[in-house]
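Written below as structure tokens is the structure these notes are about.
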Amino acid sequence: MQTETEIYEADRLTLLDCDKIKLSRTKSGFLSLNYDGREYPRIDATRLMPFYSKTTYISLCYENEEKELREAGVIKDMADLDSEQYRVLEEYLSYKYYMPEITKVYNIRDNMQGSIFVKTDTTSGEKTICVKDWYQNFRMLTDDYLYVCDAEGNKYFCENIHKLDKKSRSVLEMFT
């Protein structure tokens with residue numbers, strides 16, 4: 001009996017043909033993939049450029065029999081998928097990358113022990129966000145875009161801090 005040999009090249013980008021992709025949700029909520037006749041019972045979709053593009057360069061990865069992470073390939077543009085496949089992938093990515101948007105900042109308190117507490121309004125309601133190592137987890141990715149990762153790994157963003165009210169901008173001024 002001959003087993004299929006897996007060839008893995010880290011420096012090669014394999015773009016998938018969207019016409020051959022068949023994604024479906026498993027009962028437990030994971031994604032499965034049938035690509036050109038090959039079955040991947042559980043895959044993980046990852047945005048390769050999550051802050052700059054939500055629908056291009058989506059990596060589809062799986063674990064092989066040795067529990068090593070391998071890439072089945074990359075979807076260059078989700079727009080090339082048919083509408084049902086687009087919907088399945090978009091739902092998965094929306095759940096995976098859920099980030100409430102910061103819409104107002106009331107105050108920021110520094111506990112002088114390495115954490116700051118940011119009292120905000122977000123698209124998910126009022127939150128006090130605890131940020132440890134604020135220099136790494138409370139950062140401007142561009143001149144406008146604020147990215148925040150709290151002590152529990154939850155992520156928040158403000159797409160354009162210049163569109164916040166004047167008080168919010170003045171509170172943020174010392175920390176951005």
Every residue from the stretch 88-109 that is exposed (fewer than 13 other Cβ atoms within 10 Å of the Cβ) and either farther than 19 Å from Lys155 by Cβ or aliphatic (A, V, I, L, M) (or both):
Asn107, Arg109
Among the residues of the stretch 133-143, what is the count of those that are surrounded by fewer than 16 Cβ atoms within 10 Å (Cβ to Cβ), within 20 Å of the chain's Cα centre (by Cα) and either modelled with pLDDT of 95 or more or outside any loop (DSSP other than H, G, I, E, B) (or both)?
3
Out of the residues in the stretch 144-165 that are assigned to a strand (DSSP E or B) and not basic (Lys, Arg), state the one that is surrounded by the most Cβ atoms within 10 Å (Cβ to Cβ).
Cys158
Exactly one of (1) closer than 30 Å to Lys166 by Cα; (2) not in a strand (DSSP E or B) is unmet by Asp121. Its number?
(2)
Please indicate, with yes or no, whether at least one residue in the stretch 91-100 is closer than 21 Å to Pro50 by Cβ and assigned to a strand (DSSP E or B).
no
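The values are calculated or read from the model by the stated rules, or taken from the named source; none is laboratory data. Since this is a predicted model, take the numbers as computed values, not measurements. A quick note on method: Cβ atoms are made from the backbone with ideal geometry, for glycine too, and the neighbour counts reach across all protein chains shown.
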